[in-house]
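The values are calculated or read from the model by the stated rules, or taken from the named source; none is laboratory data. As the structure is a prediction and not an experimental result, all values here were calculated from the model. Note that we place each Cβ from the backbone using ideal geometry, even for glycine, and neighbour counts take in every protein chain shown. The area values use the complete protein model at the heavy-atom level, side chains included, leaving out ligands, DNA and RNA. Shrake-Rupley method; radii C 1.70, N 1.55, O 1.52, S 1.80 Å.
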Amino acid sequence: MPKPREDCLFCSIAREGAYVHKAKGFVAINDISPQAPVHVLVLPERHVDTFREVDAFDARESKRMLEFVAETAEKVGLKDYRVLVNVGPSAGQTVFHLHWHILGGGPGSTEDVPSAVATAEVEE
């Protein structure tokens, strides 16, 4: 099981950050460079480089991580929001510690939420 790394910024923040939400195994912090009125990062406490390595979490822990993302959005007052994970440098990942971005415009608002980089259309 991956453990926190001393040389990882997000591992150090997970150990001793200013949390907006915390539960066993996960923390949430405000993004220092917000891209929306509300921009929170969810970090696992243990180190996993990217979403490509999500199999480092067992099924129960993966479920708990997604529940924590939803709980965090509710805790910071978001009703409508976007959840993003950047995977790799060309997708915008700059810190190589798995993290989820929660972006929203404030309670009940979808204003000022950045549009998706790409959208998929469902064929009927």
Here is a check on your reading of the model: is GLY77 under 12 Å from ILE102 (Cβ atoms), surrounded by fewer than 14 Cβ atoms within 10 Å (Cβ to Cβ) and modelled with pLDDT under 95?
yes
Can you tell me which of (1) open to solvent by 10 Å² or more (accessible area, probe 1.4 Å); (2) of a type in the set (S, T, N, Q); (3) more than 20 Å from GLN93 (Cα to Cα) is the one THR72 doesn't meet?
(1)
Hits in the range 22-66 - residues which are hydrophobic (A, V, I, L, M, F, W, C), free of Cβ contacts under 8 Å to residues at least 40 places away in the same chain and open to solvent by 30 Å² or more (accessible area, probe 1.4 Å):
ILE32, ALA59, LEU66
Which of the residues belonging to the range 60-74 are of a type in the set (Gly, Ala, Ser), over 20 Å from SER33 (Cα atoms) and at pLDDT 95 or above?
ALA70
